[in-house]
1. If a residue must be touching a residue at least 12 places away in the same chain (Cβ under 8 Å) and either farther than 15 Å from residue 77 by Cβ or surrounded by fewer than 21 Cβ atoms within 10 Å (Cβ to Cβ) (or both), how many such residues does the range 167-207 contain?
2. Looking only at residues that are assigned to a loop (DSSP other than H, G, I, E, B) and touching a helix residue (DSSP H, G or I) at 6+ places or on another chain (Cβ under 8 Å) in the range 41-76, which one is surrounded by the fewest Cβ atoms within 10 Å (Cβ to Cβ)?
3. Filter the range 14-40 for residues that are in contact (Cβ under 8 Å) with a residue 40 or more places away in the chain and not in a loop (DSSP other than H, G, I, E, B); which is surrounded by the most Cβ atoms within 10 Å (Cβ to Cβ)?
4. State all residues of the range 135-152 that are surrounded by fewer than 21 Cβ atoms within 10 Å (Cβ to Cβ) and in contact (Cβ under 8 Å) with a residue 12 or more places away in the chain; if no residue qualifies, say none.
């Protein structure tokens, strides 16, 4: 029987295969970090909106949102607080798929997207980041609906593939928990942590933690 690797052995292996960004440490747990308290969400009143620089504003209630095309993706997660978790399985809705199939139609000058979350929390990204396969509007983690502390019922999720050169990535905060809206914008608008001094691009391979 093959001996199970220790966390330290796993970390050394990830270092060798270039999956662990500089300054990060491997964890097998899933630490819970966020600003403010965990909101109490009533699905009967829940609504998800898309607005701003789009051809037509859209909104979905919870039941309708769950009829949208779904996808699954396995990603490595990298948090700005220096932990990384590998091979996490997520399920949800791809923004790229929604645009490809005409559910969302950004205008030509929609260069950025602001994620609006419960409690007024926001985070911002270039639209290109949301159109990658490693960004998901996630409803499930590890085969189960999101728990409250991890963003139930919906969170933006940005991770990295096993091959870090496959897609551009960002630290985990660039996906907002308890997501309620996407605002498509012509100009960049700093989000909550970005205004507080966090790096606007947040590339973990460049250790872009702070501005």
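1. Within the range 167-207, residues that are touching a residue at least 12 places away in the same chain (Cβ under 8 Å) and either farther than 15 Å from residue 77 by Cβ or surrounded by fewer than 21 Cβ atoms within 10 Å (Cβ to Cβ) (or both) number 27.
2. In this case the residue turns out to be 69.
3. Here the residue is 26.
4. 140, 141, 142, 143, 148, 149, 150, 152 - these are the residues of the range 135-152 that are surrounded by fewer than 21 Cβ atoms within 10 Å (Cβ to Cβ) and in contact (Cβ under 8 Å) with a residue 12 or more places away in the chain.
Every number in this text was worked out from the coordinates using simple rules, so none of it is lab data. Because the structure is a prediction, the values reported are computed rather than measured. Note that we place each Cβ from the backbone using ideal geometry, even for glycine, and neighbour counts take in every protein chain shown.
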